[in-house]
1. Filtering segment 330-345 down to residues that are surrounded by fewer than 19 Cβ atoms within 10 Å (Cβ to Cβ) and under 18 Å from residue 295 (Cα atoms), which residue is nearest to the ligand (Cβ to nearest atom)?
2. Could you tell me which numbered condition residue 186 fails, if it satisfies all but one of (1) over 20 Å from the mean Cα position of the chain (by Cα); (2) surrounded by 15 or more Cβ atoms within 10 Å (Cβ to Cβ); (3) within 20 Å of residue 288 (Cβ to Cβ); (4) in contact (Cβ under 8 Å) with a residue 40 or more places away in the chain?
3. Is it the case that segment 387-394 has a residue that's free of Cβ contacts under 8 Å to residues at least 60 places away in the same chain and within 16 Å of residue 441 (Cβ to Cβ)?
4. For the subset of segment 114-129 comprising residues that are touching a strand residue (DSSP E or B) at 6+ places or on another chain (Cβ under 6 Å) and within 16 Å of the ligand (Cβ to nearest atom), which member is nearest to residue 391 (Cα to Cα)?
5. Say we look at segment 277-298 and pick out the residues that are more than 16 Å from the ligand (Cβ to nearest atom) and surrounded by 24 or more Cβ atoms within 10 Å (Cβ to Cβ); which of these is nearest to residue 265 (Cα to Cα)?
6. Search segment 209-220 for residues that are free of Cβ contacts under 8 Å to residues at least 40 places away in the same chain and pair each with any residue that is in a helix (DSSP H, G or I) and crowded, with 20+ Cβ neighbours inside 10 Å when their beta-carbon atoms are under 8 Å apart and the residues are at least 6 apart or on different chains.
7. Here is a list of conditions, (1) more than 16 Å from the ligand (Cβ to nearest atom); (2) touching a residue at least 24 places away in the same chain (Cβ under 8 Å); (3) under 24 Å from the mean Cα position of the chain (by Cα); (4) more than 24 Å from residue 371 (Cα to Cα), and residue 308 meets all of them except one; can you say which number that is?
Ligand SMILES: [Zn+2]
């Protein structure tokens, strides 16, 4: 017996050390699968790095997923010698884009998009953070339980970081403890609709609900996002289809959702906005108008409210900046969205408002659906499901159409990274500065490409995107999320290592 032990023990310990070695190497391998350039510390070099202080030639040091230092100067290869580095030359290194308005539709509607395809498209498009909307998934995110379902459904599917807005609906608007628990569970803020959302478990709110929501949010310093279209009292749903002769004409659809709906909603929000002022009942809360399309009367009301001290911001979307109603072809329901795309003159006004700082930021409102709901055969604008699919293309689209207006990389970065990160309360995101997350997009603004079927598109349904068939400028080369190179040269990192973002 004693002899047997003598012989077996060394063997057992040898076996144990092999097992340990295997576990160590496999865990190292699985972490390294998060990145196509798996190094704890490395440098990124470029002649065009977009920082809060301007565009510099220099290097960014990444360590443990954060930005360890940013140094300015040419020919820095000597300074980083011996370390790992990626030299991108003339390509632009910019903070990763933060999209505060994405519908990822999971759980329950993965046939529309889903976390996996949506975040792969985001990574390929240079977006490093998405904030998911509380509707179009089943169920809608209107309670702690439904938020938990979202977070659970997102596990191991996220190629970029994803936060979540909760929903403000009549059911929870007067229930402070329900809203408190939704905030405490990590919702980054709330979203509500002033018109029917088209989703049964996401009913519309009025301005009284919205005021209650703002009061509940005040102590958390989190925003309430509002879809601002108000259907006039005189309007009935039967009226929608009265006297409509050509349902394939975009002009027909446009008439059913006039700019006066946006104006009426914003007018109705005025007293709620005033409550967010210093000393107001909802001081600490913030109101954000999503996807502004009307750059006339609605914009004037927003400007007035801002100058009166309301804590207010507003976004528009690439489709309002890129397209005008006159150019939308009969039956092309890829362009249906709410509020609708308006005329060319309005489009120019939107650009001016963005450049003058009256519109704060841009978001995608990526809102896909199953292709059959678009009714491409009939081309019926009145019955087709609305929503523009765009996530992967928002950077080249904003840049390409913005070039005619002389936009700069610094402006682009403010609209797509710095301000959205602030709205979502993400202090460590949205800017290339020491201490922030190493979230970057590397891209070639001058490189043009035809966005056609041959392009690698990662949305679940590439063919429903309104941008297919356009020529764009600005090719994304690489995307980094917290130091992980998650997308490079048409390839994704094998493992999805994005994280759910929950407010603390
Ligand atoms: Zn939306």
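Readers should treat all values here as calculations from the given coordinates under stated rules, not as data from a laboratory. Since we're looking at a predicted model, the values are computed, not measured. Because the Cβ atoms are built from the backbone with ideal geometry, glycine has one as well, and the counts that use them run over all protein chains shown.
1. 343
2. Looking at each condition in turn, residue 186 falls short on (1).
3. The answer is no, given that none of the residues of segment 387-394 is free of Cβ contacts under 8 Å to residues at least 60 places away in the same chain and within 16 Å of residue 441 (Cβ to Cβ).
4. Only one residue fits best here, namely 122.
5. In the first step, residues of segment 277-298 are kept if they are more than 16 Å from the ligand (Cβ to nearest atom); the result is 277-287, 294-298.
Still in the list and also surrounded by 24 or more Cβ atoms within 10 Å (Cβ to Cβ): 282, 285, 287, 294-295, 298.
Numbers: 282: 19, 285: 19, 287: 13, 294: 12, 295: 14, 298: 9 Å.
In this case the residue turns out to be 298.
6. Listed by first residue and then by second, the contacts come to 212/173.
7. Status for residue 308: all satisfied but (3).
Residue-by-condition table, conditions (1) part of a strand (DSSP E or B); (2) more than 30 Å from residue 222 (Cβ to Cβ); (3) touching a helix residue (DSSP H, G or I) at 6+ places or on another chain (Cβ under 7 Å):
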site: 466; (1), (2), (3): no, yes, yes
site: 469; (1), (2), (3): no, yes, no
site: 476; (1), (2), (3): yes, yes, yes
site: 479; (1), (2), (3): yes, no, yes
site: 485; (1), (2), (3): yes, yes, no
site: 495; (1), (2), (3): no, yes, yes
site: 498; (1), (2), (3): no, no, yes
